[in-house]
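One structure is given below, encoded as structure tokens.
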Amino acid sequence: MPSRRFADGEVVMGRWPGSVLYYEVQVTGYNDVSHLYTVKYKDGTELELKESDIRSQSSFKHRKSQSSSSSPSRRSSSRSRSRSPGRPAKGRRRSSSQSREAKDDKKKTIQETNLALVVLIYVFKLSENNTRSYNGEPDSTEKNDTSCITLEQKLKPDLEIECVLEQYSLRPRKEEKKKEEIYSEKKIFETIKTIEKPPSKPPSKPKELEFGGRIGTFMLIFFLPATVFYLLLMCKQDDPSLLNFPPPLPALESLWEPRVLGVFLLWFFLQALFYLLPIGKVVEGLPLANGKKLHYRINGFYAFTLTAAAIGTLLYFKFELHYLYDHFIQFAVSAAAFSLGLSIYLYIRSLKAPEEELAPGGNSGYFVYDFFAGHELNPRIGSFDLKYFCELRPGLIGWVVINLAMLLAEMKIHNQSLPSLSMILVNSFQLLYVVDALWNEEAILTTMDITHDGFGFMLAFGDLVWVPFVYSLQAFYLVGHPTAISWPVAAAITILNCIGYYIFRRANSQKNNFRRNPADPKLAYLKFIPTATGKGLLVTGWWGFVRHPNYLGDIIMALAWSLPCGFNHILPYFYVIYFICLLVHREARDEHHCKQKYGLAWERYCQRVPYRIFPYIY
């Protein structure tokens, strides 16, 4: 077994992964199995390095002293050779001419080398400015100082050789020297100008289209609303078995009522009013493609509190909230119509949006695909962010209100003084999920819905129709199909939901905190793989367990929400099946996106964390 070269606590120079630069680090540990050193940079970043990537500080100092001490010896030896008396004059002239040509060649080589190094430094600085948005590297001040020292040590011997050549030029030609300097400077600035020059036209079409491309998205525009209405109609049946397909369709005139649309619009604009209230802190989102950061007001939990007060007031004045249950399908139709109108407005306004404000995945150039995926990334009316507002407010808070309406409808229809234990569990579990999302509202700013996906029909329909009317499917099912469960079964289901929630919350919090501030001392125990983008891939903690631990927690909770409905029909478990399919699709999309973004670093991460969602299974 190879012996260990550097001891714990020793201060050495460590090479930053993916670069040729060395920084001052401290050895904190050594792995006898992988033969990797754990080192800590000055800003607190910890990495694992090979022994070949670590050098002692004395080696840098030795190189500097060696280069400076070699010059006098060369000068003395050169003088002694030039003053040798035993050579004829003609021979001296021939040797001096040959040596001048050799020196000119060396000088030209050195100038080209220095040119390449200057350009390399400039490229490094340029890339450093582009990736400074994420603190996955040492502090910029320390990094610049150390890199300057390292490059100075590399350049100094060559510069000294150049000085020696100039000193021993018998007849320096000033005019030629001046031309060479002008040519060298011109070449440097032409090279830098070429580097700085942006591409003539960015690619407007992505290489691969999701959701089956144009045909798939066209079908989804009709398939998603049809799925919602099918599920709601099935829950209304006495026997919601899949064998009873298709369910009897109601008359078209019964699906629409202006009063229901008015109530829905009142709800939407009431949540918009709560969003505009000057309460709650204002935070910055992640940097956009143009480097800008949008500001968001975090007041979702305040909006939920005000909504709860408004609902409580209505109940106090004997307002029948089960009106939602009686007109549930009509509310779904009104929400679908509104989301379609909103999607048309979003696409029309996106046609005038600048190129840098368009969504990466919704800028294909195909009308149907961009309409579905969302053409504009962050459509705003002034400071009112439409996507961010719809992501949490009307649909998510509306989900809780619908569940409460189903609980009251169950009590009225079945003449119960208290709701059933199954209904209490469903309402409690899903209320916890919504309150958690609103309490940790800031974490949504790092999700792909906000940072990558545009706001089109997919998110508009999903936020305003799918979330409130499909996620409340269990509560809607229990109104017409009551299911009795015992207290031990209820306790077991509660424990299952708590396990799923714990995994979900801890994983999301760990990811969000690391993205916000990787140098946080509270996260010092986490290890990660650095990438060329400046970001890090966690290989310890929850994200070292599986690649998507938050998805695992989601699936466990979805199962706990469906178990109170019993096993008489598969309909209440549609949410579980849908959630598994959705998360597998998202996982595949994330895998493809991360592989393109991080390259070899992602392959190393997949080797370290082989399981995607389910440990030891998938």
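We did not get these values from a lab; they are worked out from the coordinates using the rules stated. Since the structure is predicted, the reported quantities are computational estimates derived from the model, not experimental observations. Neighbour counts run over all protein chains shown; Cβ positions are idealised from the backbone, glycine included.
A few notes on this one:
- A DSSP coil position with no more than 14 other Cβ atoms inside 10 Å describes the following trypsin sites (Lys or Arg not before Pro) in segment 287-392: 292, 293, 318, 352.
- Among the listed pairs 42/522; 40/595; 281/535; 42/535; 50/522; 42/293, a Cα-Cα separation exceeding 21 Å is found for 40/595; 281/535; 50/522; 42/293.
- For the pair residue 20 and residue 35 in one chain, pulling the backbone fully straight at 0.36 nm per residue adds 3.3 nm over the alpha carbon distance.
- C-alpha center-to-center spacing [segment 557-590, segment 251-311] in angstrom: 27
- The three principal axes of the Cα atoms in segment 10-59 give end-to-end lengths of 26, 23, 21 Å, sorted in falling order.
- Segment 208-254: equivalent-ellipsoid semi-axes (sqrt of 5 x gyration tensor eigenvalues, Cα, Å): 28, 13, 7
- Overall dimensions of segment 211-483 by Cα: Rg and Dmax, Å: 19.4, 60
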